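In what follows, a structure is listed as structure tokens, so that the remarks can point back to it.
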Amino acid sequence: MCWGKWWVQELRTTMSNFTAGSGFLLLTFSEVRELQLLHFFVFLALYLTAVTGNLLIIMAVALDHHLHTPMYFFLMNLAVLDIGSISVAIPKSMMQSLLNSKWISFSGCAAQVFFYFFFAAANFSILTIMAHDRCVAICKPLHYERIMHKGACIQMAGSAWIAGMLYGILHTGGTFAINFCSNIVNQFFCEIPKLLILSCSDLYLVEVGFIAASCCAVLSCFIFMITTYIQIFMAVLKVPSARGQKKALSTCLPHLIVFSLFLLTSIFAYVVPPSNSSSEQGLIFAIIYITVPPTMNPVIYSMRNKEIKLALQKMLTVRHSSTTIP
């Protein structure tokens, strides 16, 4: 079935009689039952992989006292946010495939918009804070404990979560203040660009303004991140030994990869105008930025970080030995 033709046809039939409070119809991956079940099991595998990987990171940091440092405290926050972000759309999409349903309530759609932006903004804030942490650790090692003390870390993490909440409220209010001409959303979850093109009024310009302001904020954080890593690389080059340089870079490389992955997948979602992208292209991009970062982040940190690998090995070894004791 051609998703684009189906969506246009459905949009025309519902344009004149849509009531926003009645809910929305989301895009399905297929009308064939066997493919719906395949979609369910593929998404289930991705979801369980992401949740398991991030839970292992959380448990390793929480149980190993050697990891009770600012860097791993922020990493644990990032893992919690990754679990939340992949839980926004994937379980609902799995349930819809299993039940052969396209329906989502108005409140459910609003909840998806809120929690997606909440987790995305908090995630981006934590990544920015982690860059600052690495900069202080490498550029000002003698002042690290004074600057990145426990109270400061809690305040910074709390600020990231609060910023995410305010960001989610802002975009949810701006999106659902508009009048919708249709309830046919050309995406498998409630994505703001796909909702805005259903607007019947000029109020959608308010949300467009919020998105523009958000882009400015993201650009500011991006410039801060680039400036921070320039300082880090300049400090690393001053380290006399090659071993010291490698050790310093090893703590930054996973964070840099995770940040780049988050930024690139977000660009997939919002750089291409929704009216100029096909349903198939938009669907693929959405799957990428919803599933790839939460799934890959634990892998990146566990593969590139010896302390995380040792903590995971210790935790799994202790658990295995406890289950084999008669």
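Just so it is clear, none of the values below were taken in a lab; they were calculated from the coordinates. Here the structure is a predicted model, which is why all the values come from computation and not from measurement. All Cβ positions, glycine included, derive from the backbone under ideal geometry; neighbour counts span all protein chains shown.
Values for this structure:
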{"item": "Count of lysine pairs in the chain with Cα separation under 16 Å (8 or more residues apart, or interchain)", "result": "11"}
{"item": "Calculated FRET value between S201 and L55, using beta carbons and R₀ = 45 Å, to 0.05", "result": "0.55"}
{"item": "Debye log10 I(q)/I(0) at q = 0.08, 0.15 Å⁻¹ for the chain, Cα point scatterers", "result": "-0.43, -1.23"}
{"item": "Three-way shape label, the range 173-268, alpha-carbon gyration tensor, a/c 1.5", "result": "prolate"}
{"item": "The range 61-191: radius of gyration over Cα atoms, expressed as a fraction of 2.2 N^0.38 Å", "result": "1.34"}
